[in-house]
Amino acid sequence: MKHFFDFLISHAKIYGFIFPSSEIYGGLSAIYDYGPYGVELKNNIKEFWWKSMTQLHENIVGIDSSILMHSDVWKASGHVDKFNELLIDNKDSKKRYRPEILIQEYIEKKFLNDPEKKKEILSRLYKSLKKKDLADIKVLIDELNICDPVYKTKNWTKIRCFNMMFKMKNEKDLYLRPETAQGIFSNFQNIIKSNRMKIPFGIAQIGKSFRNEIFARKFIFRMREFEQMEMQFFILPEEEIKWYEYWKKIRLKWHLELNLGDEKYYKLCDHNHLAHYASAGSDIEFYFPFGFQEIEGIHSRRDFDLKNHEFLSKKKLRIFESERNYFPYVIETSLGLDRIFLAIFSSSLKKEKLKNGKTRTVLKLPYYLSPIKAAIFPLVKKDGLPEIAKKIFNDIKIHHRLVYDQKESIGKLYRRQDAIGTPFCFTVDYDTIKTDTVTMRNRDSMKQKRIHIKEISKIIEQETGLKKVLKNLSHFI
Ligand code: ATP
C-alpha cells in the first residue's frame, strides 16, 4: 500500500494535480498547492456538492464568509478554550505525536486478532480523554510499552494540551478560522432577514480552514490549510433525531453516488469522543490507501453555538415564531474537500495490464468530475487535419472543458489523457475530410467508434454532465 501511495503522490505531481507548497524553498510541511488539473477536479467536486445542497434543497442557501472574524467569535464558539489537542514529545527522536493516535495505531497492529483487548484499551482511553486525565493516558502509553514508531525509543515527555488555532502575529487575538461554520452562525439573522428563511432551513459554505495540526501527514489527508464543505441545518429542537437521521442518510447517499465502491465506506461510525460543541456525532469513514479514516462528520450541535453567540454578542439570535421563542437546534454536515479529493483520486487511479502485454495508467474518475471532458486531436500534423481539429475545438469549447493537442504521436496523446482521466478523445483523420466523421475513443473500454462531427458536443453533454447524478440524488431528498 505504501508503494501505491508513493505512486499516487508522484502521479499527482507529474500530471499537475498537486504540488508541495513552496517547493523551490524546500516545501512547507502539510501544505500543498493544486495544479492545473487538480484545481479543475477540485472545482468539479465543489460544484457537485454545492448543487446537491443548494439546488436540490429548496430550503438551503449558500454564503461565503470571511476567514478572519472578530476574536469574540472564537471565544463564544469555545475554540479559544477548548479547541485543543494533546501532544507528547519523544525526547530522543525530537518527534511530536498525538498520544491518542499513538495508542490507537499501536493497538490496531498489536491486537489485530484480539478485538476484546482492543475494546478494553480504547474504552479506558476514551474515559481518560473525557475526564481530561492526561496522567492516565501517559500511564497507558508506558504500560503498553509504546515506542516512537520511527526511532523505537520510549523516552517520552509528559502529555500536554495545545490549542490548534493559528493566531496572527501582529494582530492581537485575530485567528485564522479553524472551521467555516462560525461564519454561518454569525450571519444567522442576516440570512433569515434577507432571504425570508423559515425553520427548517440550511446554510451551506465552502471555504478554507486552518488548523495547527501536530501530526500532519498522509499527503492531503491532514493539512494545516485545507478546505471544508459545511452545511448547518437549523431545526425545531424536538425534531433533532429526525433531521440527524435524515442528514446521515442523505450524506451517505451522496458519497455512494460517486461510485467509488460501496465496500470502501465504513458507514457512519458513532463518535466515542465528541467535539466540544456536539451532542451527537457520526463519521463517515473511507478506505484510504492507509486504511479506514474519517472523511465527513455529521453532528448535532444543538443550540450550543447560537446560544453562546447571543450571550457574548448581546444580539438576539433566537427565533420568534407564533408565540414561541427558541434557539433552533443545528445539524451539521462537514466534509473535507481535500479528503474527498484524495478518496476520489485514490480510488480512480489504476494501473492496467493491456492485451498486448503493456501497461497503462488510467484515472477512472466519474466522468462528471474529470478535469477535462474531452480531447480533440489531429491524427497527424499535416494535410489540413490540424485545421479541422482546431475548428471542432473552437466551435464547441464554449460548452465544455476541452483540450486540443498535437504535440505527440496519437498513442502518447491517448495515454496522457488516460492519466488525467479524460473520458473521451476525438481524433480527426483522413476519413474526416471525406465523411465529416471522427473517431471517438472511450477512456475505460479504450474502444473506438466513428461518429459525425455534429454529434460530438451532444455526446459530451450527455455523458459528462452533472444532470444524471443530480437526478439520482434528487429522488432521495
Ligand atoms: P480528525 O479527527 O481527522 O482530525 P475532525 O474530527 O477534527 O477530523 P472535523 O472538525 O469534524 O474533523 O472537521 C470536519 C471535516 O473536515 C473532517 O471530516 C475532515 O474531512 C476535514 N478535516 C478536518 N481536519 C482536517 C485537516 N487537518 N486536513 C484536511 N481535512 C480536514
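The values are calculated or read from the model by the stated rules, or taken from the named source; none is laboratory data. Quantities reported herein were computed from a predicted structural model and do not represent experimental measurements. So basically every Cβ, Gly included, is an ideal-geometry build from the backbone, and we count neighbours across all protein chains shown. Ligands, DNA and RNA are stripped out before the accessible areas are found, and what is left, the full protein with its side chains, is counted by its heavy atoms. Shrake-Rupley method; radii C 1.70, N 1.55, O 1.52, S 1.80 Å.
Just checking, does the range 211-223 include any residue being touching a Phe, Trp or Tyr at 6+ places or on another chain (Cβ under 9 Å) and not in a loop (DSSP other than H, G, I, E, B)?
no
Go through the range 221-236 and give me each residue that's within 15 Å of GLU296 (Cβ to Cβ) and either within 12 Å of the ligand (Cβ to nearest atom) or of a type in the set (A, V, I, L, M) (or both).
Initially, the range 221-236 is screened for residues within 15 Å of GLU296 (Cβ to Cβ), giving 221-222, 226-233.
Scanning the range 221-236 gives PHE221, ARG222, PHE226, GLU227, GLN228, MET229, GLU230, MET231.
When the residues of the range 167-210 are narrowed to those that are modelled with pLDDT under 95 and within 14 Å of LEU68 (Cα to Cα), which ends up nearest to the ligand (Cβ to nearest atom)?
Among them, the one singled out is LYS167.
Scanning for something under 24 Å from the mean Cα position of the chain (by Cα), under 30 Å from PHE234 (Cα atoms), within 16 Å of the ligand (Cβ to nearest atom) and among the hydroxyl-bearing types (Ser, Thr, Tyr), does the range 75-92 turn up at least one residue?
To start, the set of residues in the range 75-92 that are under 24 Å from the mean Cα position of the chain (by Cα) comprises 77, 79, 83-85.
Narrowing the set further to residues that are under 30 Å from PHE234 (Cα atoms) leaves 77, 79, 83-85.
If we keep only those that are within 16 Å of the ligand (Cβ to nearest atom) too, we end up with 77, 79, 83-85.
Restricting the remaining residues to those that are among the hydroxyl-bearing types (Ser, Thr, Tyr) gives 77.
Yes, the range 75-92 has at least one match.
Scanning for something in contact with a strand residue (DSSP E or B) (Cβ under 9 Å, 6 or more places away or on another chain), open to solvent by 10 Å² or more (accessible area, probe 1.4 Å), among the charged types (D, E, K, R) and touching a residue at least 40 places away in the same chain (Cβ under 8 Å), does the range 322-338 turn up at least one residue? Reasoning before the result, please.
Going residue by residue through the range 322-338, those that are in contact with a strand residue (DSSP E or B) (Cβ under 9 Å, 6 or more places away or on another chain) are 325-338.
With open to solvent by 10 Å² or more (accessible area, probe 1.4 Å) added as a condition, the list becomes 325-327, 329, 334, 336.
With among the charged types (D, E, K, R) added as a condition, the list becomes none.
For the range 322-338, residues in contact with a strand residue (DSSP E or B) (Cβ under 9 Å, 6 or more places away or on another chain), open to solvent by 10 Å² or more (accessible area, probe 1.4 Å), among the charged types (D, E, K, R) and touching a residue at least 40 places away in the same chain (Cβ under 8 Å): absent.
Looking only at helices (runs of 4 or more DSSP H) that lie completely in the range 91-157, which have at least 3 residues being modelled with pLDDT of 90 or more and in the same structural domain as PHE292 (by TED's automatic domain parsing)?
Numbers: elements: 99-110, 115-131, 134-143.
Once the helices (runs of 4 or more DSSP H) in the range 91-157 are filtered for at least 3 residues that are modelled with pLDDT of 90 or more and in the same structural domain as PHE292 (by TED's automatic domain parsing), nothing remains.
Within the range 248-349, considering only strands (runs of 3 or more DSSP E) that don't extend past its boundaries, which have at least 3 residues that are away from the ligand (no atom under 16 Å from the Cβ)? First the steps, then the outcome.
Working: elements: 265-270, 280-288, 291-302, 319-321, 324-326, 329-336.
Per the criteria, 319-321, 324-326.
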